[in-house]
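Input: a single structure, listed below in structure tokens.
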Amino acid sequence: MEEATHFVHAFMQAIEEARLSQGRSHSDIARAAFPEHRDPVGAYRKIRNSGQNLRMEDAVRLARAVHVDFPALCWTAQQSLK
């Protein structure tokens, strides 16, 4: 299970790198990923701060929000673990 936690952290780091390269704020990413949430910024903050509880659906939404292909983000995360 520890391996999965490391992967989630690496995936979130890949999201963060994409966000920074695009010059976007956390709030912008949150609103793009979770438009139907009452508090999209709070939802994204919870994912960022816990990291270990990233649902697949949320991971795909975050990938779309940063305009990066989901499999490409997974590959980037996996490569960073090596």
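The values are calculated or read from the model by the stated rules, or taken from the named source; none is laboratory data. Remember, it's a predicted structure, so these values are computed and weren't measured experimentally. Cβ coordinates were reconstructed from backbone atoms using ideal geometry, including for glycine residues, and neighbour counts include every protein chain displayed. Heads up: the accessible areas ignore ligands, DNA and RNA and are worked out on the full protein's heavy atoms, side chains in. Shrake-Rupley method; radii C 1.70, N 1.55, O 1.52, S 1.80 Å.
Shape call for segment 1-47 from the C-alpha gyration tensor, a ≥ b ≥ c root eigenvalues: rounded (a/c under 1.5), prolate (a/b greater than b/c) or oblate? If you can, show how the numbers build up before the last one.
Values: a/c = 3.30, a/b = 1.39, b/c = 2.37.
Oblate shape, in that a/c is at least 1.5 and b/c is the bigger or equal ratio.
Other residues with beta-carbon under 11 Å from the beta-carbon of Val41 carry, at +1 per Lys or Arg and -1 per Asp or Glu, a net charge of +3. From its DSSP helices (H runs of at least four residues, each -39,500 (n - 2.57)), the chain gives a residue-normalised ellipticity at 222 nm of -23500 deg cm²/dmol.
If R0 is taken as 30 Å, the Cβ-Cβ distance between Phe70 and Arg38 corresponds to a FRET efficiency of 0.75. Spacing of the modelled spin labels on Arg48 and Lys82, each 7 Å from Cα toward Cβ, amounts to 2.9 nm. Counting only protein heavy atoms and a 1.4 Å probe, the chain has 64 square angstrom of accessible area per residue. Between 0 and 90 degrees, rounded to the nearest ten: what's the tilt of helix 56-65 against the longest Cα principal axis of the chain? Once rounded, one gets 70 degrees. For the chain, the carbon plus sulfur part of the accessible surface works out to 52%, probe radius 1.4 Å.
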